[in-house]
Amino acid sequence: MKIALVGTGQMGQAVERLAPERDHEIAARFNTDRPLTDADPGALDDVDLVIDFSLPDVALEHIELYCEWNQPAVIGTTGWYDHLGDVQGWVDEHEASLLYAPNFSVGVALLRRGLRAVLPLLDELPEYDAYVREMHHRRKADSPSGTALMLADEVLAGLARKSDVDIEAQHTPVAENVLHVSSTRTGDVFGEHDVGFDSAFDHLKLSHRAKSRAGFAFGAIKAAEWLRGRQGLFTLEDVLEDWLGE
């Protein structure tokens, strides 16, 4: 498969290193020095699919172009999810093919499924208070991470006693209905996510620690392989369900 890489930062470089091992070719590259928005549709004529790890401030414009050009794309860039309704409209209008995820780690996808399994039990145990905590390298552009917000959405959906998310530093007590999501930016941390439940008796924590960016690159390439030949708007959950035969 010939892949166009949009975004050649650390994640893009990880995809480029791994792609040849799976018999794929990086046939085109776009970045801040060669913006996709300056290209014409013919720039992607020779590629089968795009993998986009660009920047939040250009992601939505890129997605609209992929739909208009009918170019299948895997989107690893976050920061645009408030416009998901618009994206669904573009996909439907152009019969486009898009797959997005805030995190392409298979381990994070499994963490999400584990969280869904335990939340119905914890919903019956009000003694446990929940939180989400994430840590990334200091160069990460958004905070909190898209993965942390995704995990927070799962907690809100599964715990009736939590109705709101607060992502700010706390200078007053946290209300019982509020789920606090905290972020730390330091050093070269690839990505750490915790969903915790604390009570007077004990502490339960579901965690994921990325050891390198290779795991994210592997997930993105596997998603690209799955997406080829499909039409619609998909997430990594759709890929997992297909793998598991659900």
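The values are calculated or read from the model by the stated rules, or taken from the named source; none is laboratory data. Every value quoted in this text rests on a predicted model; they were computed, and no experiment measured them. Backbone-built Cβ (ideal geometry, glycine too); neighbour counts: all protein chains shown.
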### Search result, residues across region 191-246 that are assigned to a helix (DSSP H, G or I) and touching a Gly at 6+ places or on another chain (Cβ under 8 Å)
Gly215, Phe216, Ala220, Leu236
### Message
Looking at Ala169, Ala224 in this structure, which one is outside the structural domain of Gly114 (by TED's automatic domain parsing) and not acidic (Asp, Glu)?
### Response
Ala224
#### Entry: Hey, Leu99 in a strand (DSSP E or B) and in contact (Cβ under 8 Å) with a residue 12 or more places away in the chain or not
yes
### Task
Inspect region 45-55 for any residue being exposed (fewer than 15 other Cβ atoms within 10 Å of the Cβ), outside the structural domain of Asp142 (by TED's automatic domain parsing) and either within 21 Å of the chain's Cα centre (by Cα) or not acidic (Asp, Glu) (or both) and give the result as yes or no.
no
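Residues checked against (1) at positive phi; (2) modelled with pLDDT of 95 or more; (3) not in a helix (DSSP H, G or I):
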| site | (1), (2), (3) |
| --- | --- |
| Ala27 | no, yes, yes |
| Thr37 | no, no, no |
| Ile51 | no, yes, yes |
| Gly89 | no, yes, no |
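Just to be sure, is Ala28 without any contact (Cβ under 8 Å) to a residue 24 or more places away in the chain, of a type in the set (A, V, I, L, M), closer than 26 Å to Trp80 by Cα and not assigned by TED's automatic domain parsing to the domain that holds Ser145? So that I can check it myself, show each step before the final result.
Working: without any contact (Cβ under 8 Å) to a residue 24 or more places away in the chain: no; of a type in the set (A, V, I, L, M): yes; closer than 26 Å to Trp80 by Cα: yes; not assigned by TED's automatic domain parsing to the domain that holds Ser145: yes.
Here the answer is no, as Ala28 does not meet what is asked.
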### Task
Would you mind finding the one in Gly79, Gly12, Gly7, Gly85 that is closer than 24 Å to Asp153 by Cβ and buried (at least 16 other Cβ atoms within 10 Å of the Cβ)?
Gly79
### Matching residues in region 224-246 - criterion: being surrounded by 15 or more Cβ atoms within 10 Å (Cβ to Cβ), at pLDDT below 95 and among the hydrophobic types (A, V, I, L, M, F, W, C)
Leu236, Val239, Leu240
## Note on the structure
Checked against (1) assigned by TED's automatic domain parsing to the domain that holds Leu156; (2) in contact (Cβ under 8 Å) with a residue 60 or more places away in the chain; (3) not β-branched (Val, Ile, Thr), Leu121 satisfies every condition except (2)
### Message
among the small types (Gly, Ala, Ser), in a loop (DSSP other than H, G, I, E, B), under 28 Å from Leu49 (Cα atoms) and not assigned by TED's automatic domain parsing to the domain that holds His62: is that true of Ala141 in this structure?
### Response
yes
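Being farther than 30 Å from Asp23 by Cα, touching a residue at least 60 places away in the same chain (Cβ under 8 Å) and surrounded by 12 or more Cβ atoms within 10 Å (Cβ to Cβ) narrows it down to one of Val155, Val181, Val132, so name that one.
Sole residue among the options that is farther than 30 Å from Asp23 by Cα, touching a residue at least 60 places away in the same chain (Cβ under 8 Å) and surrounded by 12 or more Cβ atoms within 10 Å (Cβ to Cβ): Val132.
Quick check, is Ser207 closer than 27 Å to Gly9 by Cβ and either modelled with pLDDT of 95 or more or not assigned by TED's automatic domain parsing to the domain that holds Asp23 (or both)?
Yes.
Among the residues of region 198-211, write down those that are touching a residue at least 60 places away in the same chain (Cβ under 8 Å) and surrounded by fewer than 21 Cβ atoms within 10 Å (Cβ to Cβ).
Of everything in region 198-211, those that are touching a residue at least 60 places away in the same chain (Cβ under 8 Å) and surrounded by fewer than 21 Cβ atoms within 10 Å (Cβ to Cβ) turn out to be Asp198, Ser199, Ala200, Phe201, Leu204, Leu206, Ser207, Ala210.
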